[in-house]
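Inspection log for the structure reproduced underneath, given as structure tokens.
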Amino acid sequence: MPVAAHGSFDAARLVAAKASATITVCFPARDEASTIGAIVEATRRDLVHRHPLVDEVLVLDDHSTDATAAVAAEAGARVVDARAVLPGQGRGAGKGEALWRSLRSARGDIVAWCDADIAPFDTHFLVGLLGPLVLDPEVQFTKGFYERPDGDGSGSGGGRVTELVARPLIATLFPHLSGVVQPLSGEYAGRRPLLERLAFAPGYGVDLGLLIDVAASVGCAAITQVDLGVRRHRNRPLDELGPQALDVLHAALVRAGVDPADDVALARPGLPAVERRYEDLPPLASFGAPSDPPLDPPLDPPLGAPLDAPLDARGRARPAPAGPGPGPARP
């Protein structure tokens, strides 16, 4: 599996190389009002206006209870409510469902995903993920990895679920993927035809599930790992990691040909039981092209059109200066 570094790719070079291909960047988000605004602003400033590499910045609002949708829209993203996309499919909320629905809503030929809780955020994450796909037609999927500093500043390659669950599963069931540095990273990108023919595991199983399925579909040689440098993250409490580990375990077992129970209750002494119902989301290719206009409104400007509005220092379009008033009506 090839490995590249984000510093090997320059946004201006990628703009020149992408030709007529269109690119959507998706940020699935639930209750990320504190971070999503800065992420969208930076993406639009650097990769839509300064270097027109990205054609669509999409935020998939996954049942947020805070102002995530409003903040993202104010920052200039196209915001899609998860509840409006293929309702009735899947268990509703969850990371796998959010990625699946964002792919349905996205319109780029290349689709990249990035977590919405990164602070501080830098657009080199996106340039690194997109670089191999833009420059090499043989690359079908890119998977990011990074250093994750602990609270004391020391580096850490993988999180607790990665080291205690994902790596042992991979070593046992999918040894051909043992060289993947961070199998559970949420930063990756791929070509639409490939992504649309894959099932998406529900919940937190989607990251490992997609990696396994992409490798099975196109081979490890078509996947490029990208070193994204340093990514700072929120350390979640241990009681939140059990459900994530369960999702990862279930996705791996299904893809290994095991038939685990679809209905699972994770009982933990002193904590409420976590109930899960597992069913992969079907390949989007089986649904045909989106046909419901509310799910796919036209962009203003349209996808791929140049963005000429002057920007302020934060990447937002400045309001047009007030003119002397309308002139005489034309005949």
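No lab work stands behind these numbers, since they all come straight from the coordinates. Predicted model only: the values in this text are computed from it and were never measured. Using ideal geometry, Cβ is built from the backbone for each residue, glycine included, and neighbour counts are taken over all protein chains shown.
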Among 88-98, 212-222, 246-256, what's the highest-first ranking by average C-beta atoms within 10 angstrom per residue? 246-256, 88-98, 212-222
For region 164-233, what class follows from the C-alpha gyration tensor (a ≥ b ≥ c being the square roots of its eigenvalues): rounded when a/c is under 1.5, otherwise prolate if a/b is larger than b/c, else oblate? rounded
Show me the ranking of peptides 122-130, 169-177 by mean Cβ neighbours inside 10 Å, starting with the highest. 122-130, 169-177
Quick calc, Leu238 & Ala171: beta-carbon distance into FRET formula, R0 22 Å, rounding 0.05, result 0.45
Extension gain from Asp122 to Ala5, taking 0.36 nm per residue of separation minus the Cα-Cα distance: 40.6 nm
Two-site label geometry, Ala17 and Ala216: point separation in nm, points 7 Å out along Cα→Cβ: 3.1 nm
Let's test this: bin the Cα-Cα distances of region 3-285 at 5 Å from zero up to the farthest pair and state each bin's percent. 1, 6, 13, 17, 20, 19, 14, 7, 3, 1, 0, 0
What full-extension length gain, to one decimal in nm, is calculated for Ala70 and Arg268 as 0.36 nm per residue of separation minus the Cα-Cα distance? 67.6 nm
With θ taken as phi - 60° and the coefficients 6.51, -1.76 and 1.60, list the Karplus ³J(HN,Hα) couplings across region 45-60 in order, rounded to whole Hz; mark glycine and proline as x. 5, 7, 10, 10, 8, 5, 10, x, 8, 9, 9, 8, 10, 10, 10, 9
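On full extension of the chain, what length is gained from Asp81 through Glu279, given 0.36 nm per residue of separation minus the C-alpha to C-alpha distance?
On the way: separation 198, 0.36 × 198 = 71.28 nm, distance 2.15 nm.
Computed gain between Asp81 and Glu279 is 69.1 nm.
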What is the pair-distance distribution P(r) of region 1-121, computed from all Cα-Cα distances in 10 Å bins starting at 0, with each bin given as a whole percent? 14, 43, 32, 11, 0
Give the residue from Ala82, Ile39, Ala189 lying farthest towards the positive end of the charge dipole for region 3-285; charges sit on Cβ (+1 for Lys and Arg, -1 for Asp and Glu) and the dipole is referred to the Cα centre. Ala189
Classify region 231-284: rounded, prolate or oblate, from the alpha-carbon gyration tensor (a ≥ b ≥ c, eigenvalue square roots; a/c under 1.5 rounded; otherwise prolate if a/b is larger than b/c)? oblate
